[in-house]
Every structure is written in structure tokens, then in C-alpha cells.
Amino acid sequence: MSRELIDLAIERLREDFPNKSKSWIRRALIRFMKNTVKEFGENVWVVKGLPELGDKYPTYVVRLRDGRYYCSCFESNWGLRRKSEICTHIAAVILYRNYKKLDSDVYASVINIECVDYYLEIPSELKGRVRVVKSVRVVDSSDRLNPRHRVTYVIYSSEPMEVRTKLVCDGDVRELSLKLTRTRRYIVELLVR
Ligand SMILES: [Zn+2]
């Protein structure tokens, strides 16, 4: 396991559950690092119980249904209390999925520009197949009303392809043909942090 990917996977978990405590994150991380999560089928995972974290059963089953996670620990004695919260078995599964996603291949292209006004147009027929993320940093704000930005666009897809785009930078319009080449998902995250 890569440290950098784990850090990013935890960051995503924190963003998704900003009100959860440090100990909740820590317990999810322990479960993940001890390799207790196994994919069992589509949207089903088995999480090995850890007695040191208070688990009474050797295994727990986590399911994802209609966008919601359910854990078999909900059905135990403590179920009623636990149902309203997200247990750390589920958190470990989310961490596992975040990690796997970051570790997967994508096809990407990067554009770096410096402009006051900028816009990148992706053909509408590619919407859904191609995603765009960007990071924007002000590099010159001496003209307060028109600060200059350094913009990094990452255009990526789950498949290799060539994407025709229109890039507008301070009134200068350029037609670009971008070849999306193979990289890892976490590289995309690092580029636009
Ligand atoms: Zn649970």
C-alpha cells in the first residue's frame, strides 16, 4: 500500500464525513490497514471483526443499496443505537473503495495556462465520458479587479481517446486536440490540489 494514496483516501473520507471524530477515522484506518475488508460481490463487502475494537463477531457484512450503506452490526443488540450512525466497518469499506479508486488507471491530459479570464469547452457529446477538474491560483493581483490566474485543467476519462476542446484565455481562442494518455487516478488528484 502506498502512503500517499492512503493519505488521499483518508482525506476523501474526512471530506465526506466532516463531523466524524478523529477516533472514528482512526478506527476505520486500523481496519483498513489490517486488511480486514474483502470484496464479496457487487456492492457487498465482508469485514473481519477486530476484538480490540469491540467487535463481538468474527465477520460483518456491509452492503450498498440505493446509495446507502448497511452493516450487519445494525442487527446486533446495539443495532438500534448504531443504526443512526455510520459504523467504522462501513467507514473501512469506504476507505477501501477510495483507495482502490485512486489506485486505478485513467486516461488524462493536462493544460496549464495563465490568464485573467479563462474557459475550457468540452464538446457536449463527450459529457459523461470525459471529466474535467481544475485548480486555480492567483499569481498577480496588482490589478485587483482583474487578477491573473494560473489554471491547471486535467481532462480525464476511463478510456483512451482524443478530445477536441476549445480553450479561451483572455479573448484568445484556441482549438486543441488532446490525447488522453494512461496515468493513475491519484495523479489527477495531486495535480489539482
Ligand atoms: Zn458495522
ask   = What per residue convex hull volume, in Å³, comes out for segment 35-139 when only alpha-carbon positions are used?
value = 197
ask   = Using θ = phi - 60° and the Karplus curve 6.51 cos²θ - 1.76 cosθ + 1.60, what whole-Hz ³J(HN,Hα) does each residue of segment 140-151 get, with Gly and Pro shown as x?
value = 8, 10, 5, 9, 4, 7, 10, x, 8, 10, 9, 10
note = Only helices counted: for the chain, with every DSSP H run of 4 or more residues adding -39500 (n - 2.57) and the sum spread over all residues, [θ] at 222 nm is -8000 deg cm²/dmol
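With the radius of gyration and the Kirkwood radius both derived from the Cα set of the chain, what is their ratio Rg to Rh?
Checking Rg against Rh, the ratio lands at 1.10.
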ask   = So how far, in whole Å, is the C-alpha centre of segment 1-51 from the one of segment 147-193?
value = 31
query = Roughly how much of PHE17 is accessible, in Å² to the nearest 10, using a 1.4 Å probe?
reply = 40
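Counting only protein heavy atoms, what percent of the accessible surface of segment 19-121 is carbon or sulfur at a 1.4 Å probe?
Of the solvent-accessible surface of segment 19-121, carbon and sulfur hold 50 percent.
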query = Over 26 Å between Cα atoms, which of LYS20/LYS127; LYS56/LYS100; LYS20/LYS56; LYS20/LYS100; LYS22/LYS56 qualify?
reply = LYS20/LYS127; LYS56/LYS100
task = At 1.4 Å probe size, with every protein chain present, just tell me what the per residue accessible area of segment 1-69 comes to in Å².
result = 67
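The values are calculated or read from the model by the stated rules, or taken from the named source; none is laboratory data. As the structure is a computational prediction, the values presented were derived from the model and not from experiment. With ligands, DNA and RNA removed, areas are computed over all heavy atoms of the protein, side chains included. Shrake-Rupley method; radii C 1.70, N 1.55, O 1.52, S 1.80 Å.
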